[in-house]
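All remarks here apply to the structure that follows.
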Amino acid sequence: MNISNRFNLGPFMTFEHSKTRPIYDWFWYKEGYASELVDFALDNEKLSPNPIVLDPFCGVGTTLLRAKERGIFSLGVDASSLATFVSKTKTSDYSESDLNEALEFLSRPLDEGRTSEWEFELFPARAAFPKRNYSEILSLRSAIDLVENDSVSNLLLLALISILPQASIILKDGGVLKIDKKKRALPAKEIFRRRVKKFVNDLKTAKTGFCPQVLLGDARNLDIESNSIDLVVTSPPYLNNIDYSKIYGLELSLLEMSKAAAAQMRMRALRSYIGKNMDVQDMPPEVGEIGARIPIIGTYFRDMDLVISQMFRVLKDDGVAHVNVSNSVIHETHVLVDEVFAEMAERIGFSQVEIVVGAERIADVRPAKVKTRESIVIMRK
Ligand SMILES: C[S@@+](CC[C@H](N)C(=O)[O-])C[C@H]1O[C@@H](n2cnc3c(N)ncnc32)[C@H](O)[C@@H]1O
């Protein structure tokens, strides 16, 4: 297996660059990447004239948006209805009258008397906001419900959901949400207005056409025809114990107005964090003894074995997958995730597999320190 370095790609393996780019920055997703990784795949692979791109862990739609900007049709799948909602809203086309209607919404009076509850599974949602922000957010939520034009209501709802981190006193600290009474929350209605204006402004110069198809689903069992995809560009959840249904739970519950949404998402989610079913069965042979000793490692690779098999099935005969991944330190054990993925891909049938390392980091694996890395595992069918 060939391993090479392309450290110029490292900065694009995080969401940092996406935070300041029109449309990419509509929803901050710490676990996302930047569009340059999509360009790297599109520019370095020989693709047929009208390729179809798939991202089976599409998150907030970086792959899909970049494909759209480049006039390429794409498909996205994610286990989270929040992620599919954000992806769809960022990659839809909007008419001029949609944009005017979104701006007109800002001058409508709000029904501040709204009393309905916002159901959140971890703690009462009202504890996450100053009183006034909580009531403004709920009033805006119910006013958006009354907007009949779906494109406009999605745009407004995404603007509202995207302000929650700034309008709340919540800190996202590693894999958990914490209430920080010292945090200064910004005024909800005001930042919502600014968001809507920004969204409309970003859309004035956005490319139209080639809207992707976005599906709520499970990458371990894709509802996609075999031999239909030219290129997969993706990044699965890392083996890092992040439960997306919790860390983005507040946003998800405001979208769905139901606390059951998080549990439903967990049913579809990959076993990349402790707490899911840790029953290690059918562990891939490449994992070795650590898979049995640390169950989360065994279950993670078991799930990724299913995902890589699905990618193999849906790719055309000359198709290729670019899988962005980070090696992990878990329970003080250094796990070479990229090498295990590469070995699994070879067993599954990919004819040529290589690892391109984009970044190296030092991880504290007491008592030692180890050099760990983020890479792209390229799998050619
Ligand atoms: C690392 S993020 C992808 C971020 C994406 N590259 C971006 O730029 O937004 C991984 C995504 O996988 C999703 N996910 C977890 N388990 C899944 C599953 N079994 N099937 C599909 N998506 C899943 C999570 O909801 C999360 O959005």
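Worth a mention:
- Within region 67-120, the set of residues being acidic (Asp, Glu), outside any helix (DSSP H, G or I) and farther than 30 Å from residue 236 by Cα comprises 111, 112, 117.
- Hits in region 329-351 - residues which are in contact with a strand residue (DSSP E or B) (Cβ under 7 Å, 6 or more places away or on another chain), within 15 Å of residue 238 (Cα to Cα) and either of a type in the set (A, V, I, L, M) or open to solvent by less than 10 Å² (accessible area, probe 1.4 Å) (or both): 329, 335, 337, 338, 341
- Hits in region 148-174 - residues which are open to solvent by less than 50 Å² (accessible area, probe 1.4 Å) and either more than 24 Å from residue 21 (Cα to Cα) or not assigned by TED's automatic domain parsing to the domain that holds residue 127 (or both): 149, 169, 170
- Hits in region 175-229 (condition: part of a loop (DSSP other than H, G, I, E, B) and small (Gly, Ala, Ser)): 175, 185, 206, 209, 217, 219, 226, 228
- In region 291-339, the residues that are without any contact (Cβ under 8 Å) to a residue 60 or more places away in the chain and among the basic types (Lys, Arg): 293, 302
- Test: residue in region 67-86 that is over 14 Å from residue 210 (Cβ atoms), modelled with pLDDT of 95 or more, assigned by TED's automatic domain parsing to the domain that holds residue 199 and open to solvent by less than 20 Å² (accessible area, probe 1.4 Å): no
- Residue, farthest from the ligand (Cβ to nearest atom), within region 18-45, restricted to residues that are open to solvent by 50 Å² or more (accessible area, probe 1.4 Å) and in contact (Cβ under 8 Å) with a residue 40 or more places away in the chain: 22
- Index of the failed condition, residue 48 passing every other in (1) outside any loop (DSSP other than H, G, I, E, B); (2) more than 21 Å from residue 206 (Cα to Cα); (3) among the hydroxyl-bearing types (Ser, Thr, Tyr): (1)
- Yes/no for residue 10 being touching a residue at least 24 places away in the same chain (Cβ under 8 Å), more than 9 Å from the ligand (Cβ to nearest atom), part of a helix (DSSP H, G or I) and in the same structural domain as residue 254 (by TED's automatic domain parsing): yes
- Scope region 191-239; condition open to solvent by less than 30 Å² (accessible area, probe 1.4 Å), of a type in the set (A, V, I, L, M, F, W, C) and either in contact with a Gly (Cβ under 9 Å, 6 or more places away or on another chain) or within 15 Å of the ligand (Cβ to nearest atom) (or both); matching residues: 214, 219, 222, 224, 229, 231, 232, 233, 239
- Boolean, residue 177 is within 20 Å of residue 252 (Cα to Cα), open to solvent by less than 60 Å² (accessible area, probe 1.4 Å), within 24 Å of the chain's Cα centre (by Cα) and not polar (S, T, N, Q): yes
- Between 56, 51, the distinction of being more than 14 Å from the ligand (Cβ to nearest atom), open to solvent by less than 50 Å² (accessible area, probe 1.4 Å) and not hydrophobic (A, V, I, L, M, F, W, C) belongs to 51 only.
- Every listed requirement among (1) modelled with pLDDT under 85; (2) over 18 Å from residue 374 (Cβ atoms); (3) within 16 Å of the ligand (Cβ to nearest atom) is met by residue 272 save one, (2).
- Pairs with Cβ under 8 Å, 6+ apart, first in region 164-184 and within 23 Å of residue 196 (Cβ to Cβ) and modelled with pLDDT of 90 or more, second open to solvent by less than 60 Å² (accessible area, probe 1.4 Å) and in a strand (DSSP E or B): 164/170; 170/177
- Only one of the numbered conditions (1) more than 24 Å from residue 14 (Cβ to Cβ); (2) within 16 Å of the ligand (Cβ to nearest atom); (3) among the β-branched types (Val, Ile, Thr) is violated by residue 348, and that is (2).
- Filtered residues of region 70-127 (kept if among the acidic types (Asp, Glu) and either out of contact with any helix residue (DSSP H, G or I) (no Cβ under 7 Å at 6 or more places or on another chain) or farther than 22 Å from residue 262 by Cα (or both)): 93, 96, 98, 101, 104, 111, 112, 117
The values are calculated or read from the model by the stated rules, or taken from the named source; none is laboratory data. Remember, predicted model here, so these are calculated numbers, not experimental data. Heads up, the Cβs are rebuilt from the backbone with ideal geometry, glycines too, and the neighbour counts pull from every protein chain shown. We work out accessible area using only protein heavy atoms, side chains counted, and drop any ligands, DNA or RNA first. Shrake-Rupley method; radii C 1.70, N 1.55, O 1.52, S 1.80 Å.
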